[in-house]
Amino acid sequence: MPTCAEVLARSLHDLGVRTVFGLPGGENVRILDALREQGVEFVLVRNESSAAYAASARWTLTGELQACLTTLGPGITHAAAGVGHLWLDRAGVVVISACTAEASGPMHTHQVLDQEHLMAPMVKAHIKVEPDNIHAVRDVCSLATEGRPGPVYVQISNEVAGWPAAGGGTDPEPRPAKPEPDMDGVEKALALMARARRPVVVAGLGARDASLRISVQAVAGSLQAPIVATPKAKGIVPDSHPLAAGVIGLTRTDPVYEILEQADLVIAVGFDVVELVLPWEFDGALVWVAEWPNVDPPLPADVELTGNVAGHLGALAQAAESATGWIDTDFHAFRRDRTVPAPKAAAEGRVSPQAVMRSLRRYSDPDAIMTVDVGSHKIHFALDWPTHDVSGFLLSNGLSCMGFGLAGAIGAATLDPGRQVLCVIGDGGLSMCVGELGLLRELGVNVKVVVMQDEALDLIRVAQLRAGSPVQGTEYGVSVDHARLAAAFGITGRRVTGGPSPDQDGRPLSG
Ligand SMILES: Cc1ncc(C[n+]2csc(CCOP(=O)(O)OP(=O)(O)O)c2C)c(N)n1
Ligand SMILES: [Mg+2]
């Protein structure tokens, strides 16, 4: 009879998990053994949250279930930022942690926390494994990728991991079939589309899937509607696509809001308000098309087409007709005027984010994946980094968590060793996850890390300056030699000072 650890490892493998990122404690030993026996690779990170970030990058790029692992107590508490990211960035990832063995008894308090309640606000489902419920673990893990994706939490003590699973196991519950498209809702949506003079499609994180991208383009194409992307859907249509409008969500002054404000109908596909920095304020007609219901919080939608996004988009694309001429007038004017700002002349010895962006684009591979961390540079890259494909851009946006960038880049690079990955991260962000340079060196993956060094939490310092407040608590008293820091990990590092002049591209950032 298999042990509980073996059933867990086999369930993960059956669901497609091939790599688990984590940092174990003594209580995970049996799980690590079982994973190895199943042929699931374990990658040791330096910080538990990094395990979640790396897994989330792989989820975003593949749409396949991923997993991360921590020990009990300090392990799972240290992973909290990462699990928060998995939750608000809607990543289908199984979070596995150890827990205290029941047999330890009530006198045992060392490292004991109510881990279930700690994780509860950030996970879709939870199971504390026992021999008599282990066969449900597969169904719990399946929930991570269904409907609105998100993490699920599996706790298992080392003791239970070694016990035989009770019974022979039952077949996994059949997963819910896709509902048929709601044709009444489709009719209503088509009526709105027929009346609209200035329709816009807003594509969100739930529209990234390859087949959905084609359907989004088909609907927008037949309606002649501009396609606005959220940051996590950036690249859903290439920048060169005639209907590509750009990215919203980072500030209320994002240029693309201009298009949204003129629209009389929004078709929101795979949209989640978690992506907007400011509340949704659009008052035109709204058609909601997503795998998840419009509840969190509900937007004033006229029609809600929930579930089976592919089916609903197919029905909308077939019947929608272009009733609009605004693409040829206002939208073309918007695209013509919307040029990427040239790098500002930076102060002596300084390099602006725009200059970094231009140099990177010029000297990186055209299909490179850009991973940006949170900080002053994030907005520039989310708005203006050129993208040809949705797989070319990764960030933490729902949680906007510093420290995501490096582990996210490493996770992405483990999928395709031939594809270059770039990571742009502030000096504050890097100091939260610097140990992962060791993982980067160890794996030898194709990642180039650009550190925006300003000895400050610049985004916050700027907020202080704007508010007329004194600058305090946002500047570091020490300047780190990042080139030597990289060298300490066996990585070639270069310091670049002085950017290109406004009309000139920068020199290569290599090594
Ligand atoms: C874990 C975490 N802590 C705090 C914040 C709030 N925050 C957002 S940007 C930022 C400054 C980031 O500093 P740095 O990485 O050096 O980038 P810079 O803005 O200086 O370019 C802070 C503190 C956050 N988003 N995530
Ligand atoms: Mg900084």
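The values are calculated or read from the model by the stated rules, or taken from the named source; none is laboratory data. All values derive from a computational prediction rather than experimental measurement. Note that each Cβ is placed from the backbone with ideal geometry, even for glycine, and that neighbours are counted across all protein chains shown. Side chains are part of the model used for accessible areas, which takes the heavy atoms of the whole protein and leaves out ligands, DNA and RNA. Shrake-Rupley method; radii C 1.70, N 1.55, O 1.52, S 1.80 Å.
Couple of notes before you dig in:
- Simple spin-label estimate for A210 and A120 in nanometres, 7 Å along Cα-Cβ: 4.2 nm
- Given a 1.4 Å probe and the protein chains as shown, K448 ends up with an accessible area of around 60 Å².
- In this simple spin-label approximation, V112 and K188 carry label points 7 Å from Cα along the Cα→Cβ vector, and these lie 5.3 nm apart.
- Added length on full extension, which subtracts the Cα-Cα distance from 0.36 nm per residue, E130 to H332: 66.6 nm
- Alpha carbon convex hull of segment 365-405, projected area averaged over orientations, nm²: 2.9 nm²
- Kirkwood estimate for segment 344-416, i.e. one over the average of 1/r between Cα atoms, Å: 13.2 Å
- Rough spin-label spacing in nm, given labels placed 7 Å along Cα→Cβ, for D33 and S469: 5.3 nm
- Structure-based [θ]222 nm, the chain - -39500 (n - 2.57) summed over DSSP H runs of at least 4, per residue, nearest 500: -9500 deg cm²/dmol
- Note on segment 227-284: with neighbouring protein chains present and a 1.4 Å probe, carbon and sulfur make up 56 percent of its accessible heavy-atom surface.
- Convex hull projection area averaged over all views, segment 27-142, Cα basis, nm²: 7.5 nm²
- Our estimate of slack between V277 and V462, defined as 0.36 nm per intervening residue step minus the Cα-Cα distance, is 64.9 nm.
- Probe 1.4 Å, all protein chains present, accessible-area order of R441, R461, R466, largest first: R466, R441, R461
- If you plug the beta carbon distance of E455 and E258 into 1/(1 + (r/R0)^6) with R0 = 35 Å, you get a FRET efficiency near 0.45.
- Members of K178/K232; K234/K448; K188/K378; K128/K378; K178/K234; K178/K448 lying beyond 32 Å, as alpha-carbon distances in this model show: K188/K378; K128/K378; K178/K448
- Counting heavy atoms of the protein chains alone, S479 has an accessible area of about 80 Å² for a 1.4 Å probe.
- Compactness ratio for the chain: Cα radius of gyration over 2.2 N^0.38 Å (N = residue count) comes to 1.02.
- Normalising by residue count, segment 150-288 has a Cα convex hull of 168 Å³ per residue.
- In terms of overall dimensions, the C-alpha atoms belonging to segment 402-496 reach 48, 24, 21 Å along their principal axes, ordered largest to smallest.
- Charge tally in the Cβ shell below 13 Å around V274, where Lys, Arg are +1 and Asp, Glu are -1, V274 excluded: -1
- Extension gain, R362-A101: 0.36 nm per intervening residue step, less the Cα-Cα distance, totals 88.4 nm.
- Residues within the reach of a label modelled at F42 (point 7 angstrom out along Cα to beta-carbon, backbone nitrogen below 19 Å), restricted to segment 88-105, are 94-101.
- Charge tally in the Cβ shell below 14 Å around V140, where Lys, Arg are +1 and Asp, Glu are -1, V140 excluded: -2
- Using θ = phi - 60° and Karplus 6.51 cos²θ - 1.76 cosθ + 1.60, couplings along segment 279-285 (whole Hz; Gly, Pro as x): x, 5, 10, 6, 10, x, 5
- Area accessible to solvent at R10, 1.4 Å probe radius, in Å²: 100 Å²
- Residue order for M1, M370, M402 - accessible surface, 1.4 angstrom probe, largest first: M1, M402, M370
- Between amide H atoms placed 1.01 Å from N, distances below 5 Å from R419 occur with no residue 5 or more places distant or on a separate chain.
- Using the Karplus relation 6.51 cos²θ - 1.76 cosθ + 1.60 with θ = phi - 60°, the per-residue 3J(HN,Hα) values for segment 122-129 come to 10, 10, 6, 7, 9, 9, 9, 6 Hz, with x marking Gly and Pro.
- Contact order normalised by residue count of the chain, Cα under 8 Å, 6+ apart, percent: 14 percent
- Residue-normalised accessible area of segment 294-453, expressed per residue, 1.4 Å probe, Å²: 39 Å²
- Segment 141-224 shape via C-alpha gyration tensor axes, a/c threshold 1.5: prolate
- Heavy-atom accessible surface of segment 1-82: percent carbon and sulfur, 1.4 Å: 50 percent
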